[in-house]
Amino acid sequence: MDTYAEADDPLFEPWLAERADHDYAPRRLYGDFLTEAVSNAITGKDVRHFQTMASAIRSTDDGLAITLADGTTLAASHAVLALGNLPPKLLAPGISDPRIIEHPWSLTPERTEGRNRVVIAGTGLTALDAVTLIAEANPKAHFTLAAAHPLTPPCDRTVTPWAEAEHVIGHSPTMVWSMVKRELRERDWYEVIDGLRGHVEAIWTQWTQEQRRSFMRHGARLWLHHRHRSPPPTWHRIEELKTVGRLSLRAGRIHRLTPHSDRIDVDLATGTLAADLVVNTTGPSLSLRAHALLSALLDEGLVTECPLGLGIAIDDDGRCRTRNGHLSRLFALGTLTRGQFFETVAVPHIRKHADDIAKVIVPSSFPLAGKVAPGP
């Protein structure tokens, strides 16, 4: 599936130009680039890759002991939790049926053959990826996308960002919204959002926990809808499917799936649909207990949930806080740090935070870095 990468890496553009002609680079290509870059970086270095899972981490007198699934124990001075997205909340726990795709990244063209009635839980970018893959593999497929708020991502386009967006930094969510509304009367909303995007972390980190909680309750869904946009080719394909009557949106979350020999009954708050294929694109779970290692770390007290329930509690450098509020030798990177930084999924943000963590763990490798600043 092709989710598109937001990458401003100066090395990526020339790499991509030699291999493909893309205005919007599929994330799988950025993955290929990273694989090649890492391979080049570790050549001749003492780097060992264990192709297994970590099942437990515990503190020792001089660091950490990491237990792997095969029983191997590694000694480490520090460790970084770069686990990516947590597993999704299952639509049908306890039910094993090839017509129910709980993990959208496992969806392949072969699994769509003869599946003409497709119900997709979710209406975000991953849902659109699923639609385009299935539509290409099965021209007879019809789609129903179901969500509590069934809004598909707007089409992306290039604009000149609002240059004065940084002026909202330091203001409360209510004041930021007032300032943004004034700008929306004068300019294209794309310009306003693109101006704000580069300052999200600075805005978020200056809010109190209560202000952050208020934003999550009242403004986050609206922001994320406008923030995460569809690449034009995908957007046009979705609009085409709507126009010819092959795609519709339905309000309501999926409450229950009941498999039958000839169909799956999909129960929504607004009625029941019959499906030949159901795909879960509702996004990652927010529960740390959804991941076995994180659950073990919670029990061990080496990590604790952030106050907003958006991931792990960390400091500005990405260092995890223990159950007792102390800083541990564990660091977190990516979506697990959403409660601290909010903006954590775009490639530039992940790269910056990875660089910040590296400077803390191995400062001698960054002689020009000096003291690491605590946050933006």
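The values are calculated or read from the model by the stated rules, or taken from the named source; none is laboratory data. Given the structure is predicted, the values throughout are model-derived calculations rather than measurements. When we count neighbours, we look across all protein chains shown, and the Cβ atoms used for this are built from the backbone with ideal geometry, even at glycine.
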When (1) within 20 Å of ARG250 (Cβ to Cβ); (2) out of contact with any Ser or Thr (no Cβ under 9 Å at 6 or more places or on another chain); (3) buried (at least 16 other Cβ atoms within 10 Å of the Cβ) are applied to ALA148, the one that fails is (3)
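Okay, residues lined up against (1) modelled with pLDDT of 95 or more; (2) touching a Lys or Arg at 6+ places or on another chain (Cβ under 9 Å); (3) under 18 Å from ILE264 (Cα atoms):
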{"position": "VAL119", "(1), (2), (3)": "yes, yes, yes"}
{"position": "GLY122", "(1), (2), (3)": "yes, no, yes"}
{"position": "ALA135", "(1), (2), (3)": "yes, yes, no"}
{"position": "ALA141", "(1), (2), (3)": "yes, yes, yes"}
{"position": "ALA146", "(1), (2), (3)": "yes, yes, yes"}
{"position": "PRO150", "(1), (2), (3)": "no, yes, no"}
{"position": "PRO161", "(1), (2), (3)": "yes, yes, no"}
{"position": "TRP177", "(1), (2), (3)": "yes, no, no"}
Apart from one, (1) within 24 Å of the chain's Cα centre (by Cα); (2) part of a strand (DSSP E or B); (3) of a type outside the set (Gly, Ala, Ser) all hold for ASP267; the odd one out is (1)
I want to confirm something. Restricting to the range 313-324 and keeping residues that are farther than 18 Å from LEU64 by Cα and out of contact with any Phe, Trp or Tyr (no Cβ under 8 Å at 6 or more places or on another chain), which single residue is surrounded by the most Cβ atoms within 10 Å (Cβ to Cβ)? ALA313
Unique match (being without any contact (Cβ under 8 Å) to a residue 12 or more places away in the chain and of a type in the set (A, V, I, L, M)) among ALA76, ALA82, ALA121, ALA65: ALA65
Does THR174 meet the test of being within 23 Å of the chain's Cα centre (by Cα) and either surrounded by fewer than 16 Cβ atoms within 10 Å (Cβ to Cβ) or assigned by TED's automatic domain parsing to the domain that holds ARG263 (or both)? no
From (1) among the polar types (S, T, N, Q); (2) over 25 Å from LEU308 (Cβ atoms); (3) touching a residue at least 40 places away in the same chain (Cβ under 8 Å), pick out the condition that doesn't hold for THR258. (3)
Selection within the range 276-296 - of a type outside the set (S, T, N, Q) and free of Cβ contacts under 8 Å to residues at least 24 places away in the same chain: ARG289
Considering the range 133-161 alone, what residues qualify as being free of Cβ contacts under 8 Å to residues at least 40 places away in the same chain and either of a type outside the set (A, V, I, L, M) or more than 24 Å from SER106 (Cβ to Cβ) (or both)? GLU136, ASN138, PRO139, LYS140, THR158, VAL159, THR160, PRO161
Regarding the range 68-80, can at least one residue be identified that is modelled with pLDDT under 95, assigned to a loop (DSSP other than H, G, I, E, B), within 21 Å of the chain's Cα centre (by Cα) and not assigned by TED's automatic domain parsing to the domain that holds ASP129? no
Note on LEU273: of the conditions (1) surrounded by 17 or more Cβ atoms within 10 Å (Cβ to Cβ); (2) out of contact with any Phe, Trp or Tyr (no Cβ under 8 Å at 6 or more places or on another chain); (3) under 21 Å from GLY311 (Cα atoms); (4) not β-branched (Val, Ile, Thr), unmet is (3)
With the condition kept exactly as written, say whether any residue in the range 238-254 is assigned to a helix (DSSP H, G or I) and within 23 Å of the chain's Cα centre (by Cα). yes
Restricting to the range 198-213, name every residue that is within 11 Å of VAL176 (Cβ to Cβ) and more than 18 Å from the chain's Cα centre (by Cα). HIS199, ILE203, GLN206, TRP207, GLN211
For a quick check of your reading: which helices (runs of 4 or more DSSP H) sit entirely within the range 117-214 and have at least 1 residues that are closer than 26 Å to ASP316 by Cβ? 173-184, 189-197, 200-205
Taking the range 100-117 and the residues there that are buried (at least 16 other Cβ atoms within 10 Å of the Cβ) and out of contact with any His (no Cβ under 7 Å at 6 or more places or on another chain), the one that is farthest from ASP61 (Cα to Cα) would be ARG115
Residue that is nearest to ARG351 (Cα to Cα) [pool: residues in the range 82-102 that are part of a loop (DSSP other than H, G, I, E, B) and among the aliphatic types (A, V, I, L, M)]: ALA82
